[in-house]
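One structure below.
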Amino acid sequence: MTHPFTNTAARRAAAVAAIAGLVPLAALTPSSAADPALHPPRGPGAAPRPTLVVLVTIDQFRADYLDRFAAGLEGGLARLVRGGARFTNAHQDHAIPETAPGHATLLSGRFPRSTRIILNGVGVDDPEAPLLDGSAVGASPRRFKGTALFDWMRARDSRSHALSVSGKDRGAILPLGRAKEEAYWYGFRGRFTTSRYYRDKLPEWVQQFNARDLARRRAGQSWAPLLDEQAYPESDTESIEGGGHDVRFPHVAPADSDRAAAYAQRTPWSDEIVLALALEGLQARKLGTGPQADLLSVSLSATDAIGHVYGPDSREMHDQVLRLDRALGVFLDSLYKLRDSTRIAVVLAADHGAAPIPEISMRQVRPEPMRVETEMLLATVRQGLRAARVDTTAIDLALGLVIVDREALARGHIDADSMLEAFAKHARASRGVQRVDRLRDLRAANLERDPVARRWAHLLPEDVPVDWVVTLAPYNIWWSDNVASHHTPHDYDTHIPLIFYGPSFAPGAYADFVRSVDIAPTLAQVLELRPAEKLDGVVLKKALR
């Protein structure tokens with residue numbers, strides 16, 4: 001069965017290369033402007049300062065899942081919701097919410113325009129930092145600009161250490177900023193790896209964990225629903241899910257162990273494995289044993305993979321959230337047996353949300369949403385460039401960014417501004433497009449009243465080679481090889497869960513509009529740290545006891 005997903009990765013990579021050129025892998029120095037705020041002394045009866053901060057990031061976890069699936073939650077998610085300071089209107093407040101820019105905001109307190117991590121394509125890839133298993137081009141945080149929470153922790157106490165684990169390289173790397181601590185992610189044949197930016201050899205405890213082959217041992221096993229069928233109102237017969245393959249439960253892993261390890265990444269099993277690694281590392285590295293504060297960052301990637309394959313409204317997603325809830329419950333129970341619960345601060349967040357599958361949402365949404373093909377929007381431009389014998393990529397489009405090579409246009413005697421105006425006129429009249437804006441106009445808009453303008457402004461640095469940006473109409477997505485996706489500045493893509501849990505925080509539900517960049521300054525307040533530079537985020541005082 002053929003489905004309408006075309007792999008556009010190569011063309012998109014060429015487009016973002018222009019952006020990458022402005023974010024070189026040279027050393028980038030943090031701002032020297034320190035936050036002048038001083039922390040007041042701890043009052044009588046105040047919770048002791050944490051010796052362990054645990055950040056749990058769930059990739060592509062929509063905020064509404066906590067309420068939509070609440071009836072089936074009884075583990076870690078339920079525990080955090082009941083006992084934590086939950087912000088119900090939290091957002092990754094930037095356009096093109098993706099894994100890399102989202103993770104870079106969480107512990108830096110700064111928007112992508114400041115961290116310079118604005119797209120996955122200009123995130124952590126680094127050929128100068130090869131992976132220890134040789135399975136990919138290499139990865140490092142060298143493009144990340146500035147500092148993050150762990151830098152402030154280490155400045156306070158040189159004994160502080162950090163461990164970051166994830167199913168993805170960018171999920172493990174970016175919460176640490178540029179710190180050369182320990183970062184491990186799911187690699188070749190389901191074994192965890194790192195890059196030479198961090199170390200030249202895997203430590204013994206990671207080697208021993210890898211030797212257990214937890215992913216490869218899933219060969220031939222089935223992922224079946226956790227609960228009885230009546231607990232799931234979602235259809236299990238949507239042919240668009242899975243690209244038309246492996247649509248229904250149960251989902252059976254390949255019999256070949258290597259293929260099973262790759263398949264496990266799109267099942268709840270991968271989160272269970274990452275959480276097990278986190279606990280192993282906690283013990284091996286003696287994190288949280290004090291007197292200094294340490295950091296454990298855990299980024300769980302299965303929800304993202306399942307969302308891309310089956311969509312945010314699938315039975316598979318419902319079951320994933322239930323299984324994640326149980327796995328997180330086991331993790332928290334184990335954590336509190338291993339460490340003093342009165343000295344732990346836990347934060348639950350996400351890097352982005354997700355849009356419904358257009359072919360399903362079109363049953364209720366009018367006008368009917370669609371997958372918008374960039375070539376359709378560029379048709380007029382391409383025709384003009386060909387006529388002038390100019391490379392047709394001199395004006396390109398990637399996830400809404402209109403990228404311009406003005407030198408190439410000048411060589412072809414093309415007036416760039418006139419050509420871009422023609423593009424904007426054509427794109428505005430195209431189905432699936434909500435607006436096309438000149439970037440400088442967005443920055444001059446009323447950002448408080450115009451969330452679309454604000455999110456584009458928060459994404460892009462001043463010197464990025466982007467003249468215009470395209471915003472799709474709600475529930476439309478950019479054409480790609482994913483069944484469902486998340487690349488727009490609309491709330492369903494930016495709305496994330498945010499919960500602070502532990503003795504330092506005041507339990508309750510808070511409806512205030514907050515952002516992911518508020519996490520780091522709030523944790524800095526609890527840890528009595530001084531950020532090393534000016535932040536975009538603020539302290540969420542309602543969260544604090």
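A short reminder: the numbers here are calculations on the coordinates, not readings from a lab. On a predicted model such as this, the values are computed, not experimentally measured, just so you know. Ideal geometry is used to build each Cβ from the backbone, glycine not excepted, and the neighbour counts take in all protein chains shown.
Below 28 Å Cα-Cα, how many Lys pairs turn up in the chain? Only count pairs eight or more apart in sequence, or on different chains, if you could.
15
Starting from the amide H of L401, placed 1.01 Å from N in the peptide plane, find each other amide H under 5 Å away whose residue is 5 or more places distant or on another chain.
V470
Select from Q434, I403, A388 the residue farthest towards the positive end of the dipole of the stretch 364-478; place +1 on Cβ of Lys and Arg, -1 on Cβ of Asp and Glu, and compute about the Cα centre.
Of Q434, I403, A388, it is Q434.
Nothing charged except the Cβ atoms of Lys and Arg (+1) and of Asp and Glu (-1): what's the magnitude of the dipole of the chain about its Cα centre? Round to the nearest 20 debye.
About 1260 debye.
Between Y336 and D236, take the C-beta separation as r, use R0 = 35 Å, and let me know the FRET efficiency to the nearest 0.05.
On the way: r = 36 Å, r/R0 = 1.04.
Computed FRET efficiency for Y336 and D236: 0.45.
Does anyone have the angle between helix 269-284 and the longest principal axis of the chain? Alpha-carbon axes, 0 to 90°, nearest 10?
In the chain, helix 269-284 runs at an angle near 50 degrees to the longest axis.
Within 10 Å of each candidate Cβ there may be at most 14 other Cβ atoms; applying that plus a DSSP loop requirement, which trypsin sites (Lys or Arg not before Pro) in the stretch 348-420 survive?
Counting only loop positions with at most 14 other Cβ atoms within 10 Å, the trypsin sites (Lys or Arg not before Pro) in the stretch 348-420 are R363, R389.
Run the numbers for T380 and T392: contour at 0.36 nm per residue of separation, minus the present Cα-Cα distance, in nm.
On the way: separation 12, 0.36 × 12 = 4.32 nm, distance 1.09 nm.
In short, 3.2 nm is gained.
Can you work out ³J(HN,Hα) from phi for every residue in the stretch 538-545, in order, using Karplus 6.51 cos²θ - 1.76 cosθ + 1.60 and θ = phi - 60°, giving whole Hz and x for Gly and Pro?
Working through the residues one at a time gives 10, 6, 8, 5, 5, 6, 8, 5 Hz.
Under a crude label model (7 Å from the Cα following the beta-carbon direction), how far is V538 from H413 in nanometres?
Result: 5.6 nm between the two label points.
Amide H neighbours of A183 under 5 Å, counting only residues 5+ apart in sequence or on other chains, H built in-plane at 1.01 Å?
Under 5 Å from the amide H of A183 lie the amide H atoms of S164, each far enough along the sequence or on another chain.
Given the options P268, V452, A349, identify the residue whose Cα lies farthest towards the positive end of the charge dipole of the chain (+1 on Cβ of Lys, Arg; -1 on Cβ of Asp, Glu).
It is A349.
Quick query: amide H of Y510 versus all other amide H atoms, modeled in the peptide plane; which residues come in under 5 Å with a sequence gap of 5 or more or a different chain?
R86, F87, T88
Under a plain spin-label model, where a point goes 7 Å from the Cα along Cα-to-Cβ, how far apart in nm are D228 and D512?
Those two pseudo-labels are separated by 4.4 nm.
If R0 is 30 Å, what FRET efficiency do you get for K286 and R217 from their C-beta distance, rounded to 0.05?
Values: r = 29 Å, r/R0 = 0.95.
For K286 and R217, the calculated efficiency is 0.55.
So what is the 222 nm mean residue ellipticity for the chain from helices alone, if each DSSP H run of at least 4 adds -39500 (n - 2.57) and you divide by all residues, rounding to the nearest 500 deg cm²/dmol?
Taken over the chain, the calculation gives -9000 deg cm²/dmol.
For a quick protection proxy, order the peptides 179-186, 128-135 by their average other-Cβ count within 10 Å, most packed first. Walk me through the numbers on the way to the answer.
On the way: 179-186: 23.1, 128-135: 15.6.
The peptides rank, most packed first, as 179-186, 128-135.
Let's test the formula: R0 of 41 Å, r as the Cβ-Cβ distance of A47 and N446. What FRET efficiency results, to the nearest 0.05?
Computed FRET efficiency for A47 and N446 comes out at 0.55.
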